[in-house]
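Have a look at the structure below, then the notes.
The values are calculated or read from the model by the stated rules, or taken from the named source; none is laboratory data. Since this is a predicted model, take the numbers as computed values, not measurements. Cβ atoms come from the backbone with ideal geometry, glycine included; neighbour counts cover every protein chain shown.
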Amino acid sequence: MNKYGTLREKKGNNLVEFPDDYVIIDIETTGFSPRNCEIIELGAVKVCNNKIVSVFQMLVKPRNPINSYITNLTGITNNMLIDANPIATVLDTFVSFIGDHILIGHKVNSDVNFLYDYCKTILSHDFSNNFIDIRELFRERQRSVLNSQLTSLCEKCATQNTNAHRALSDCLMANNLYQALKFHNGSIACIEELDTLILAAEFNRTHSPYQKKCQHLSPRLERVSRIS
């Protein structure tokens, strides 16, 4: 149930597939509940035929000041939001940017819920894009990975992100993770292998340098890993 007292009946479907055309999304909020919390940043990365074609990032001016916890988590300060546009303006632009594309993200269902409720309230718009959660793709492609391992693998996305909890940076990192998972054949045995896969994606390598053990990296990638 949402704040309207009904199910989000026009919400898109949660898919488990690997499209070539999609939009990675991420939002930063002041908390977990669309009822009581506000969106303070929206980010998106549009991908066509597996290539990034455009990006979107805008801060949002909230009705209420953000607290120190959110500032420490995201790096977003109240001063940064003074001249930002209100949610109605930013949300309208964001919805136009993503169009009817499939949306992809890490724990994307919570973002979709925020966007659904905000679009309904502010734009009188039904937010019905289908969406894909990267965690579900891990479960589909990596059936041997336990839930605890899955959490660690997904969290690696955040630990490699030098600007975590900023919307656009999180989108770019999620796209690297998605592309690495999409084009890798076979199981991902451990976190170190995921490091290698993401690094391979960043260097536009078509094949993973991972052989049979994590320490069997190519010399070039091993050097880069050590200095990253």
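For this structure, a couple of remarks:
- Per-region count, region 59-85, residues surrounded by 11 or more Cβ atoms within 10 Å (Cβ to Cβ) and small (Gly, Ala, Ser): 2
- Of all residues in region 33-51, those that are over 19 Å from residue 95 (Cβ atoms) have Cβ atoms under 7 Å from Cβ atoms of residues that are of a type in the set (Gly, Ala, Ser), 6 or more apart or on another chain, in 37/31.
- Here residue 163 passes the criteria (1) modelled with pLDDT under 60; (2) part of a helix (DSSP H, G or I) except the one numbered (2).
- Beta carbons closer than 7 Å, at least 6 apart along the sequence or on distinct chains, pair a first residue in region 94-105 that is more than 13 Å from residue 134 (Cα to Cα) and of a type in the set (A, V, I, L, M, F, W, C) with a second that is modelled with pLDDT of 95 or more and in a loop (DSSP other than H, G, I, E, B) for 98/129.
- For region 25-58, a tally of residues being over 22 Å from residue 134 (Cα atoms) and either surrounded by fewer than 20 Cβ atoms within 10 Å (Cβ to Cβ) or polar (S, T, N, Q) (or both) returns 6.
- Verdict on residue 88 being at pLDDT 95 or above and outside any helix (DSSP H, G or I): no
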